[in-house]
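Heads up, the thing below is written out as structure tokens.
What follows draws every value from the coordinates through simple rules; no lab data is involved. Remember, predicted model here, so these are calculated numbers, not experimental data. Here the Cβ is made from the backbone with ideal geometry for all residues, glycine too, and neighbour counts use every protein chain on show.
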Number of protein chains: 2
Amino acid sequence: MVRLRDLGSIALFTVAITAQTSTYVNPAVPTGTPIAGSYAGALRPQIHFSPPQNFMNDPNGMFVDANGTWHLYYQYNPTGIVAGNQHWGHATSTDLYHWVNQPIALFPPEERVYVFSGSAVVDVNNTSGFFPSQDNGVVAMFTLARYYENGTAGPQTQNIAYSRDGGYTFEYYDTNPVIDSISSQFRDPKVSWYEDHWVVVVSYAQEFVVGFWTSPDLKNWTFASNFTAHGLLGAQYECPNLVKMPVRDASGAVIDEKYVLAISIQPGAPLGGSVTEYFLGDFNGTHFTPSDAITRLTDFAKDNYAAQFFYGVPDGQNQVNMGWASNWQYAQRVPTGNLEGWRSSMTVPRVKYLTEAPRIGMVMVDEIYDLTPILDSRLKNSTFGNGTVALDYSSVDSGALYIEVNVTNINTFDLKDYSTLNISFASPASGEILQSGFYFGGDNPFFVNRGGIKGFDNIFFTDKFSTADVYSTGSDNGIASWSMKAVIDRSIFEVFVDRGIHAGTVVFYPTQPLTTLNLAAQLPAGARVSVDIWSLKSAWAEYEDEQGTVFGNVTTISANSTARRSMVYKSDFSI
Amino acid sequence: MVRLRDLGSIALFTVAITAQTSTYVNPAVPTGTPIAGSYAGALRPQIHFSPPQNFMNDPNGMFVDANGTWHLYYQYNPTGIVAGNQHWGHATSTDLYHWVNQPIALFPPEERVYVFSGSAVVDVNNTSGFFPSQDNGVVAMFTLARYYENGTAGPQTQNIAYSRDGGYTFEYYDTNPVIDSISSQFRDPKVSWYEDHWVVVVSYAQEFVVGFWTSPDLKNWTFASNFTAHGLLGAQYECPNLVKMPVRDASGAVIDEKYVLAISIQPGAPLGGSVTEYFLGDFNGTHFTPSDAITRLTDFAKDNYAAQFFYGVPDGQNQVNMGWASNWQYAQRVPTGNLEGWRSSMTVPRVKYLTEAPRIGMVMVDEIYDLTPILDSRLKNSTFGNGTVALDYSSVDSGALYIEVNVTNINTFDLKDYSTLNISFASPASGEILQSGFYFGGDNPFFVNRGGIKGFDNIFFTDKFSTADVYSTGSDNGIASWSMKAVIDRSIFEVFVDRGIHAGTVVFYPTQPLTTLNLAAQLPAGARVSVDIWSLKSAWAEYEDEQGTVFGNVTTISANSTARRSMVYKSDFSI
């Protein structure tokens, strides 16, 4: 039962359609200045974005501007270490790893109304009329969620705010909401441009509906279609994303393009809590038509939720997204809150396109966005058949590594159940261990096990994850190759299996830093294993003052900065 | 790419269409006599079916005959403790708990050809012509899988065998295969009757296709339709089941009927390895049409695979099935093999029908089949608000319990995050603990955690499982009720949450028997918790001789035993 716009004006909820142009600033929340924080904690990721302090969840409002600056906003409680009091935090980057913390971008319009998730676009052609003399105006569209004094949920409505300074400060539109509702479960608008109009996908969360609305100007929205009850339902649909991306063949050449509709489900994921599924299909400007009946998941573990695609990546290029690297089952309880005053990081930025995977057909692959800006020293570069690699990386200040493993010339006729490649990270001080590995024989599972890490105990903090990876073999000769790429960063491990066909995001909380790596290959004769291990430079350390505090910055830009640099969106990072 | 029958005759594979009427008996496999085994081991389930010794996987050939005898066949390696050398083991029961081990029912036709999964029907009207003078003839349809001397897989074809003694002994049909193929991934036929013809669903495993074929006589099959690539793919489709079942309203009244198409996926389940998904729809005798695009899973844990529905449950009644309570990721490594000489049990028999669940819509519910025949003593019957129940059940010989918890009058406005009901089973001797519980506030997760059980360590043996259970609240007053039913049986825990809307099957392997139960409720004022705990009688102990061995039986029946007893298929077991 969809709540249509014309139901929004009944008397009980008129408060929701009062235009809100002012904002409510809790006295504890700083304005006009970034929030400072220490990024030196033993669990604090060094190449991932995390908030300076307090609680972060969904990425919001992501866009890349004409100058190549990436804007990341995020669901943010600036006054607490659990969810609540939702604002939009803000950070900017020119390489997606070095983030400058900016002042909070969106404040609630009034007490007990919170700024929930949403998106942002650059209104280059001033369709909105907000930007008479500039082509870099930004419009954010987001949910305002009202809560009554007794704590019960009021309506969730869709609203806009505009920024004339390129996304650093916003004004509320004076005739919000732009999509009204009486539902308390209607949220997470994600806007994109289709040929000659804006399109927003927005979730009727507990009705398992993604609504499609269109607009010429971001202010006036017309209902277009619903996409209802596809795939896994969980118990809510959240954070839909609609995005067109290239289809690439095995050589990387673009052979087609296709739409992806991603839906985050929470709670009720198969592994518990939060997960994201996606559907492939076509979009005609008003309707999404799935091209098959397959339910695909973005991640085989349980710490990648509500990923959002950056608006503004040029048509035809690979898309880029980042997800919230956590799970509502334990996000508000992880030990970084009490130990270090922050909770949650984003995933690494990921380059996304579609390709045909062996047997299972078309999938969205995840590649790590170009790591060059933070690539430090090559610690290992080994090629061998069967053997091991042992590395003590305790001298790497960041504690962060990039690992690439390529296995070639695998004679699949000679595979045994014990034909494996194992990689583990350990703390000699505490005995803690994070394990990962692949079984080349049998059902081809790739696994990650955080059960040997002891700094967090929670009834929902599942220990083991795995996926079945059907890797390619040569047409007739049974000779196969296989690869993995991974980043480990103090309390987060992200692994991309076999060209990124499978991705796993796993947070873990050791009591002592992991400082040793062991890799062991046990493969049929003739197989070649190539291992590259690089240390990664902290993307935060260079911003620290003598006391280790990162202050962020107040970036100001002129309203008519129009130069669009020749951007190259770097994908397929491979050393 | 479907392998059609007419492709089966090319020269390379002519061996596959040689009629096979004889069987190959490995000298180590006993014929005409049941295999004996001890059911006394500390890990051996007492109210679940498990094989007398060695390795079991999928349930096969399940039917209930006119006399009310339930026949369970199963994938069986009679000579080893891992999969291989597949036969059809056989057991019979009149109550689905007391099983009589019978002689092996189906032997391979020749060396290196194995009898894989399949189904059986009673050919009451002698459509097959095998049964000129009886109405209790049984026809089994199953996959024969050929392996070449070098270990590579040859074709999998669909074959039949008939039994003139009610399912105890079988003859191979003399013009097998009845559905030929050149594919090595084509298996698991499940036959049913539709109005005036037989229908079989069979899996083209690596093409993600369920093929529908029809036949007047079980011998001649015509391709009818394909159901292709729906829901989660994993890396293979296996063991399809097509079954019609009633749709019941909240009062239990039948308001409709609908078809369920269940598909087991392996490997590549979201939790790793094996899982079963199902689709709701209509069936017209040749084509299955899904009634929505939803992907539903039968279980929120990872130990219920390849469940099969019994043939012969009268039209309009609830269906009954049992699953294999394991997962290919670790089935061949669980410690019962080395410790007690057997591996894998089936789930408890489950009564299945469809109903509307709050918010998530129509689902297949699981109820425990009538436990009366094994119900022993009521150990606890408590009603309280907040409080605890502690029980030492070390004196229960079977180690098996039935637990029922009903919670009523929950004021949902007063729920807190810590409003919980926890139940745990422990070994005071070893400190091992199996935990389960429900959070009434927030996202309503129900969880099971086997991480505190120490007798088995495996990289794929995930510790924690959960599901989001949206339970019903009264229409306006916010007053809710909730329930769970569970069976614990030495090394298997099965739990049915909130009327069986969610089911979880969890195997666990303690080093010492679990002998204490603790239940704790922390709920808003006014809530009433009612707890019933019963000991269960071992269904195996009464068959044991003085040395503790269960010998099974050789049941013989006359060919024209026609009396159909007035059967009541007992559902909705509730004490």
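Taking amide hydrogens as modeled 1.01 Å from N in the peptide plane, which residues meet the under 5 Å criterion relative to B:F300, leaving out close sequence neighbours?
Excluding prolines and chain starts, which carry no amide H, the hits are B:A503, B:G504, B:T505.
May I ask you to report, in nm to one decimal and beginning with the shortest, the distances from B:D457 to the same position in the other copies, taking label points 7 Å along Cα-to-Cβ?
The answer, with the shortest distance listed first, is 1.8 nm.
Kindly write out, for region A:373-385 in residue order, the coupling ³J(HN,Hα) from the Karplus curve 6.51 cos²θ - 1.76 cosθ + 1.60 (θ = phi - 60°), rounded to whole Hz, with x marking Gly and Pro.
Per residue, the Karplus-derived 3J(HN,Hα) values read x, 10, 6, 10, 10, 7, 8, 8, 8, 10, 10, 7, x Hz.
Quick one: net charge around A:D303, please, counting Lys, Arg +1 and Asp, Glu -1 for every other residue with C-beta under 12 Å from its C-beta.
Residues close to A:D303 contribute a combined charge of 0.
With θ set to phi - 60°, apply the Karplus curve 6.51 cos²θ - 1.76 cosθ + 1.60 along region A:269-276 and write out the HN-Hα couplings as whole Hz, x wherever there is a Gly or Pro.
3J(HN,Hα) across region A:269-276, in whole Hz: 4, x, 8, x, x, 10, 7, 10.
Starting from the exponent 0.38 and prefactor 2.2 Å, build the expected Rg for region B:371-536 from its residue count and divide its actual Cα Rg by it.
Ratio of Rg to 2.2 N^0.38 Å for region B:371-536: 1.03.
For B:T228 and B:E110 in one chain, what is 0.36 nm times their gap in residues minus the Cα-Cα distance, to one decimal in nm?
Full-extension gain reported as 39.2 nm.
How do B:E111, A:E238 rank when sorted from fewest to most other Cβ atoms within 10 Å of their own Cβ?
Listed from fewest to most nearby Cβ atoms, that is B:E111, A:E238.
Where the only charges are on Cβ atoms (+1 Lys, Arg; -1 Asp, Glu), what is the dipole of the protein assembly as shown about its Cα centre, to the nearest 20 debye?
The calculated dipole for the protein assembly as shown is roughly 660 debye.
Taking 0.36 nm per intervening residue step and subtracting the Cα-Cα distance, what contour gain separates A:T516 from A:H287 on full extension?
Residue separation times 0.36 nm, minus the Cα-Cα distance, leaves 77.3 nm.
Give me the lysines in straight-line cross-link reach of B:K464: C-alpha distance below 18 Å, same-chain residues under 8 apart excluded.
Once the sequence-local lysines are set aside, what remains near B:K464 is A:K302, A:K454, A:K464, B:K302, B:K454.
Along Cα-to-Cβ, 7 Å out, sits the label point; list in nm, shortest first, how far the one on B:N284 is from those in the other copies.
Going from nearest to farthest copy, the values are 2.4 nm.
How many Å³ per residue does the convex hull of the Cα positions in chain A occupy?
So the per-residue Cα hull volume is 143 Å³.
Mind listing the label-point distances from A:P27 to the same position on all other copies, shortest first, one decimal in nm, points 7 Å along Cα→Cβ?
Label-point distances to the other copies, shortest first: 9.4 nm.
Straight-line reach from B:K190: which lysines have Cα under 17 Å away, leaving out those fewer than 8 places along the same chain?
B:K219, B:K244
Nearest 20 debye, what's the magnitude of the dipole of region A:371-536 about its Cα centre given +1 on Lys and Arg Cβ and -1 on Asp and Glu Cβ?
120 debye
If R₀ is 60 angstrom, what is the calculated FRET efficiency for the pair B:T79 and A:E195, using the beta carbon separation as r and rounding to 0.05?
Computed FRET efficiency for B:T79 and A:E195 comes out at 0.35.
Relative to the Cα centre, what is the charge dipole magnitude of region B:314-431, using +1 at the beta carbon of each Lys and Arg, -1 at the beta carbon of each Asp and Glu, and rounding to the nearest 20 debye?
Once rounded to the nearest 20, the dipole reads 280 debye.
Starting with the fewest neighbours, write out B:H98, B:H197, B:H71, A:H230 ranked by other beta-carbon atoms found within 10 Å of each beta-carbon.
The order, fewest Cβ neighbours first, is B:H197, B:H98, A:H230, B:H71.
Could I have the simple spin-label model distance between A:A250 and B:T556, label points 7 Å from Cα toward Cβ, reported in nm to one decimal?
Each label point is offset 7 Å from its Cα along the Cβ direction, giving 6.1 nm.
Mind checking the full-extension length gain between A:N220 and A:K380? Use 0.36 nm per residue of separation minus the Cα-Cα distance, one decimal, nm.
Contour length minus the Cα-Cα distance gives 51.9 nm.
For region A:15-362, give the share of DSSP beta bridges that are antiparallel, in percent and rounded to the nearest 5; count only bridges with both residues there.
About 95 percent, rounded to the nearest 5.
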